[in-house]
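Notes for the one structure printed next.
The values are calculated or read from the model by the stated rules, or taken from the named source; none is laboratory data. Just so you know, these numbers come straight off a predicted model, no measurement behind them. Here the Cβ positions follow ideal geometry from the backbone for every residue, glycine too, while neighbour counts run over all protein chains shown.
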Amino acid sequence: MTRTLTRHPHPALSAEERDAVLARDVPAVLAFVDGNGFPRMVPCWYLWDSRAFYVTSERDKFHVRCLRRNDRASICVDIEDVVAGEHRSNRQVKAVGRVNIFDDDPGGSYWRRIRARYLGSASLPDDITLPNDRVVIALEPERLTAHGGDLVLKEPRRHGR
């Protein structure tokens, strides 16, 4: 039996739908430009505060070195809901802008908030040793877009039935 695919357009998401996507505990993908001008990507946990995306990373990582040389970046949060054999829908929030890299995170505030967002607060004892080699990458969007769409799988209609 052959299935047909019906695509529904990718309309813009409302502010509430956008916020719902950004509230999900799914990783984002941070895109940047390497020293040779090629686009690169790294998955990351993030925090969104309605003004900027925040990511923490070890200061000597490749993407941090690249972002220090070229502060242009983008980030994408993509979620997909699947009903096996019937329906697939996705929602995306994308931002483009320039990053600021902060070499200090007093008390590991961003690191703690991001970890708690993904792991829950119970996973962070008060006496945890904070990493001292981390930076905070802040992307304040120059452009923020949010859209989504559906892909419906359905049985073809048969003539005469």
- [ ] Scan region 85-113 and report the pairs whose first residue is β-branched (V, I, T) and modelled with pLDDT of 90 or more and whose second residue is part of a strand (DSSP E or B) and surrounded by 14 or more Cβ atoms within 10 Å (Cβ to Cβ), with Cβ atoms within less than 6 Å and a gap of 6+ or a chain change.
- [x] V93/V77; V93/A146; V96/S74; V99/A73; V99/I137; V99/L139; I101/V135; I101/I137
Task: Cβ-Cβ under 6 Å pairs, at least 6 apart or on other chains, region 69-83 side closer than 16 Å to E17 by Cβ and at pLDDT 95 or above, far side of a type in the set (S, T, Y) and exposed (fewer than 13 other Cβ atoms within 10 Å of the Cβ) - done: none
TODO: Go through the residues of region 44-65 one by one and say whether even a single one is small (G, A, S), surrounded by fewer than 18 Cβ atoms within 10 Å (Cβ to Cβ) and in contact with an Asp or Glu (Cβ under 6 Å, 6 or more places away or on another chain).
DONE: yes
Open item on the list: Step by step: first the residues of region 41-68, then only those that are touching a residue at least 60 places away in the same chain (Cβ under 8 Å) and polar (S, T, N, Q), then the one that is nearest to W111 (Cα to Cα). Which residue is that?
Closed with: T56
Open item on the list: Out of the residues in region 72-100 meeting the condition of being among the β-branched types (V, I, T) and surrounded by 15 or more Cβ atoms within 10 Å (Cβ to Cβ), tell me which one is farthest from A52 (Cα to Cα).
Closed with: I79
Open item on the list: Looking at region 62-104 only, could you name the residues that are over 19 Å from the mean Cα position of the chain (by Cα), over 24 Å from R24 (Cβ atoms) and assigned to a loop (DSSP other than H, G, I, E, B)?
Closed with: N70, D103, D104
Task: Index of the failed condition, G37 passing every other in (1) in contact with a strand residue (DSSP E or B) (Cβ under 9 Å, 6 or more places away or on another chain); (2) free of Cβ contacts under 8 Å to residues at least 40 places away in the same chain; (3) not charged (D, E, K, R) - done: (1)
